[in-house]
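Working notes, structure below.
The values are calculated or read from the model by the stated rules, or taken from the named source; none is laboratory data. Not measured: the values here are computed from a predicted model. Cβ placement follows ideal geometry from the backbone for every residue including glycine, while neighbour counts extend to all protein chains displayed.
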Amino acid sequence: MLKFPDAKINLGLNVLSKRPDGYHNIETVMMPVPSHDILEIVVAPEGKDSLHCSGKGVDCPMEKNLVYKALVRMRRHHDIPPVAMYLDKQTPDGAGLGGGSANAAYTLRALNEMFGVGASDEELATMAAEIGADCPFFIYDQPMLCTGTGTELQPIELNLPSGLWIVIVKPDVSVPTREAYAGLTPKAPARPLVDILRLPVTQWQGQLVNDFEESVFARHPRIAEIKHQLIDAGALYASMSGSGSAVFGLFQGKPQLPEVKPFGDDCCYLLRELT
């Protein structure tokens, strides 16, 4: 079974309040973007689970990898034989792009399909929520309004113009989620997120905000610099995704960027047609 897990971006991210359990209530719209890892799962030829990783480094033992955790979660509910899993990482970790979460969700989807489990999307999403807050989104893999801790999902239609391109830039900067939350004060947004998203993309900048940017930019000015580079390059809208450190820009038509390292030696970037 071969799958190609997406990445995601956040269109706006409001941190509304801190919960009694220590987590936060948020409001964001997640949207899948075509940055694909490669995930292959086969029946284990030696009768023992294994996970083989390549591409961008995944520096953790198999038992802590979200792909393996998804396998364990599925086995709690359904009988799954030993499998060999092969993961080629293209989406960088620690970027706010949901790469690990996507891999976990796609593992659940693949196992469900491979072994005729017959689990509904709702059942898979419940399992995915036990792995991480972003994971349920990738079960549905369509634009979603995400509330609560990010696991309460509602489909949303985005009226994006045709010919839209996306540039995603990931600097060599790490932003731990704990650090990102520690630097902000939860608050109600000035205007409902959904109302802003009804506006043309050309009106989003300055209104559609990511609450993490203020504190993250103060600690990591390189991320703020990249956002300004994207705007200077003609982006209709640019924002940090999630709690960072990747930044994306939306362009009308394919942007004209230098062919070699347009954002500096410390960055990797992705250029894709979006609509």
Only one of these conditions is not met by G264: (1) assigned to a loop (DSSP other than H, G, I, E, B); (2) under 29 Å from A133 (Cα atoms). Which number is it?
(2)
Scan the stretch 153-197 for residues that are in a helix (DSSP H, G or I) and of a type in the set (S, T, Y) and report the count.
2
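From A188, A133, grab the single residue that is of a type outside the set (D, E, K, R) and not assigned by TED's automatic domain parsing to the domain that holds Q256.
A133
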Which one is nearest to H36 (Cα to Cα), of the residues in the stretch 102-148 that are among the hydroxyl-bearing types (S, T, Y) and crowded, with 24+ Cβ neighbours inside 10 Å?
Y106
Criterion (within 18 Å of C268 (Cβ to Cβ), charged (D, E, K, R) and surrounded by fewer than 19 Cβ atoms within 10 Å (Cβ to Cβ)) met by exactly one of D79, D88
D88
Among the residues that make up the stretch 139-152, is at least one of them free of Cβ contacts under 8 Å to residues at least 60 places away in the same chain, among the hydrophobic types (A, V, I, L, M, F, W, C), closer than 24 Å to D21 by Cα and in a helix (DSSP H, G or I)?
no
Cβ pairs under 9 Å, 6+ apart or interchain, first in the stretch 48-71 and under 14 Å from V83 (Cβ atoms), second among the charged types (D, E, K, R), ordered by first then second residue, are M62/D49; Y68/D49; K69/E63; K69/E130; L71/D49
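Residues are listed down the side, and each one gets a yes or a no for (1) surrounded by 13 or more Cβ atoms within 10 Å (Cβ to Cβ); (2) in contact with a strand residue (DSSP E or B) (Cβ under 8 Å, 6 or more places away or on another chain):
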position: V175; (1), (2): yes, no
position: G183; (1), (2): yes, no
position: Q207; (1), (2): yes, no
position: V216; (1), (2): yes, yes
position: M240; (1), (2): yes, yes
position: K261; (1), (2): no, yes
position: C267; (1), (2): yes, yes
position: L270; (1), (2): yes, yes
When the stretch 77-100 is examined, which residues are found to be more than 22 Å from the chain's Cα centre (by Cα) and at pLDDT 95 or above?
H78, D79, I80, P81, P82, V83, A84
With the requirement that a residue be aliphatic (A, V, I, L, M), within 24 Å of P192 (Cα to Cα), touching a Ser or Thr at 6+ places or on another chain (Cβ under 8 Å) and not in a loop (DSSP other than H, G, I, E, B), what does the stretch 205-248 give you?
V216, V247
Of everything in the stretch 103-116 that's out of contact with any helix residue (DSSP H, G or I) (no Cβ under 7 Å at 6 or more places or on another chain) and touching a residue at least 12 places away in the same chain (Cβ under 8 Å), which residue is farthest from F4 (Cα to Cα)?
F115
Which of the residues that make up the stretch 11-39 are surrounded by fewer than 16 Cβ atoms within 10 Å (Cβ to Cβ), charged (D, E, K, R) and in contact (Cβ under 8 Å) with a residue 40 or more places away in the chain?
K18, R19
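Quick one: which strands (runs of 3 or more DSSP E) sit completely within the stretch 1-102 and have at least 3 residues that are closer than 30 Å to L208 by Cα? Break it down stepwise before answering.
On the way: elements: 7-18, 24-33, 38-43, 50-55, 83-89.
Where strands (runs of 3 or more DSSP E) fall fully within the stretch 1-102 and carry at least 3 residues being closer than 30 Å to L208 by Cα, they are 7-18, 24-33.
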Among (1) surrounded by fewer than 22 Cβ atoms within 10 Å (Cβ to Cβ); (2) at positive phi; (3) in contact (Cβ under 8 Å) with a residue 60 or more places away in the chain, the one test that Q252 misses
(2)
